[in-house]
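One structure is given below, encoded as structure tokens.
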Amino acid sequence: MQQNDRDIKYMQRALELAKEAEGWTSPNPLVGAVIVQDGKIVGEGYHQRAGTPHAEVHALRQAGEKARGATVYVTLEPCSHYGRTPPCAKALVEAGVRRVVVAMEDPNPLVAGRGIELLREAGIEVTVGLMEEEAKALNRPFLKYITTKKPLVAAKMAVSLDGKIATKSGSSRWITGEQARLAGRYLRHKYDAILVGIGTVLADNPRLTTRLEGIKTKNPLRIILDSRLRLPLDSHVCDTSQADTWVVTTEDCNRDKKARLEAAGIRVIVQQTRGKVDLEQLLAELGKQEITGVLVEGGAGVHGSFFDKDLVDVVHLYLAPKVIGGDQAPGPVAGVGVEQVAQARRFKMVDVRRYGEDLGITYVKQ
């Protein structure tokens, strides 16, 4: 096996390890590390939760003295600063590793090449860029958040072959099959928050939780856009025993209803606006709360508002082999839209998976 083939093999393992903590590390990135000595893995690890040891530390502890003179594969540049944990670049130097292969530089201004520089200054050979695109794909929410201080916005939609989300009578259960619905609920685990409009709550009374058996998952923060506070207190989302709920409203809201919602344990954010909620202002506030990714599940009006303002970074589309038809049957995106096809927002397909008879397709903004 040639050197590059070996490097790819071990970096692939590091990426697999990083993915083990999917949904748990925010606002930190997913990171995996593998230590190889004489063609054998002697240590490996991944960052499990924010505030806990980083991937390199877990791998070094497992490797012990075997780390001296070894090659380390890590999916993100080792940190060089003191945060909640000590700098990993310094730990690698002290362990006496010979070579470090890094998938991508860390865009965090506190790191931004300094970890790589520290390693090189210590005489360690450093290779950067192996499987960089795969590493970036793993950490899309983190990369958006750390460079803009705003969360990544992902729009999720399930549609028929003719692009409908319901029949003309409003019947929508179920467009897709069970496997696709389970995959959609797992998305909720991956993102910090899930967002819907009050219309979706009034029509469907959703729980907006993961509800997956057999795997450990978290429930995201639930965000409801409700400019006049029409949210019924007996809605499933008002039960905060399993997940927190924030309601974002405007000066047009009912102040008595605000007090009752807050008494029920719901956080009510009142924007100094009238009419619709200001989405850009909301995203800035979510960034301040260290929320790195928001999954927008609709309805069509909410999706339209995000697309109209060009705020959508990723689209998760579930396509069912059904034709609903009907002039009055709704599609997944409303809003103002564009006048000409040339003005349409463009997205690049990055993943396609089959869930029973349905397809799950992921697109990222170009």
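The values are calculated or read from the model by the stated rules, or taken from the named source; none is laboratory data. Note that the coordinates shown come from a computational prediction; the quantities given were computed from them, not determined experimentally. Note that we place each Cβ from the backbone using ideal geometry, even for glycine, and neighbour counts take in every protein chain shown. Each accessible area value is taken on the protein alone, full model and side chains, heavy atoms only, with ligands, DNA and RNA left out. Shrake-Rupley method; radii C 1.70, N 1.55, O 1.52, S 1.80 Å.
State which residue pairs qualify: first residue of a type outside the set (D, E, K, R) and modelled with pLDDT of 95 or more and inside segment 63-83, second residue part of a loop (DSSP other than H, G, I, E, B) and surrounded by fewer than 17 Cβ atoms within 10 Å (Cβ to Cβ) in any location, beta carbons under 6 Å apart, and separation of 6 or more residues or different chains. Taking only residues 6 or more apart or on different chains, the pairs are GLY69/ARG98. Of all residue pairs spaced 6 or more apart or on separate chains, those with beta-carbon atoms under 6 Å, a first member in segment 210-232 that is under 17 Å from ALA263 (Cβ atoms) and a second member that is open to solvent by 50 Å² or more (accessible area, probe 1.4 Å) and modelled with pLDDT under 95 are LEU229/ASN254.
Here LYS90 meets the list (1) open to solvent by 30 Å² or more (accessible area, probe 1.4 Å); (2) assigned to a strand (DSSP E or B); (3) of a type outside the set (Ser, Thr, Tyr) almost entirely, failing just condition (2).
Screening ARG120 against (1) part of a loop (DSSP other than H, G, I, E, B); (2) open to solvent by 70 Å² or more (accessible area, probe 1.4 Å) leaves a single unmet condition, (1). Being closer than 23 Å to LYS136 by Cα, touching a residue at least 40 places away in the same chain (Cβ under 8 Å) and of a type in the set (A, V, I, L, M, F, W, C): is that true of VAL277 here? Here the answer is no, as VAL277 does not meet what is asked. Against the test of being touching a Leu at 6+ places or on another chain (Cβ under 7 Å), open to solvent by 50 Å² or more (accessible area, probe 1.4 Å) and either on the phi > 0 side of the Ramachandran plot or of a type outside the set (A, V, I, L, M, F, W, C) (or both), the options LYS365, LYS288, LYS348, LYS322 yield a single qualifying residue, LYS322. Summed over segment 139-156, the residues that are touching a Leu at 6+ places or on another chain (Cβ under 7 Å), open to solvent by less than 20 Å² (accessible area, probe 1.4 Å) and either modelled with pLDDT under 95 or closer than 24 Å to GLY301 by Cβ (or both) give a count of 3. Scanning segment 46-61 for residues that are outside any loop (DSSP other than H, G, I, E, B) and either open to solvent by less than 40 Å² (accessible area, probe 1.4 Å) or under 18 Å from GLY129 (Cα atoms) (or both) gives ALA55, GLU56, VAL57, ALA59, LEU60.
Results for (1) in contact (Cβ under 8 Å) with a residue 12 or more places away in the chain; (2) over 20 Å from the mean Cα position of the chain (by Cα); (3) open to solvent by 60 Å² or more (accessible area, probe 1.4 Å), shown as yes or no for each residue.
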position	(1), (2), (3)
ARG98	yes, yes, yes
VAL101	yes, yes, no
ALA112	no, yes, no
ILE116	yes, yes, no
VAL126	yes, yes, no
GLY129	yes, yes, no
GLU134	yes, no, yes
ALA137	yes, no, no
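If you go through segment 131-163 and keep only what is assigned to a helix (DSSP H, G or I) and acidic (Asp, Glu), you end up with GLU132, GLU133, GLU134. Within segment 164-191, the set of residues being in contact with a strand residue (DSSP E or B) (Cβ under 9 Å, 6 or more places away or on another chain) and outside any helix (DSSP H, G or I) comprises ILE165, SER172, TRP174, ILE175, THR176, GLY177, TYR191.
Conditions first: (1) out of contact with any Gly (no Cβ under 8 Å at 6 or more places or on another chain); (2) within 26 Å of LEU286 (Cβ to Cβ); (3) modelled with pLDDT of 95 or more; (4) β-branched (Val, Ile, Thr). VAL111 passes all but one, so which condition is the exception? With (1) out of contact with any Gly (no Cβ under 8 Å at 6 or more places or on another chain); (2) within 26 Å of LEU286 (Cβ to Cβ); (3) modelled with pLDDT of 95 or more; (4) β-branched (Val, Ile, Thr) applied to VAL111, the lone miss is (3). Taken together, GLY23, GLY64, GLY43 contain a single residue that is open to solvent by 10 Å² or more (accessible area, probe 1.4 Å) and not in a loop (DSSP other than H, G, I, E, B), which is GLY64.
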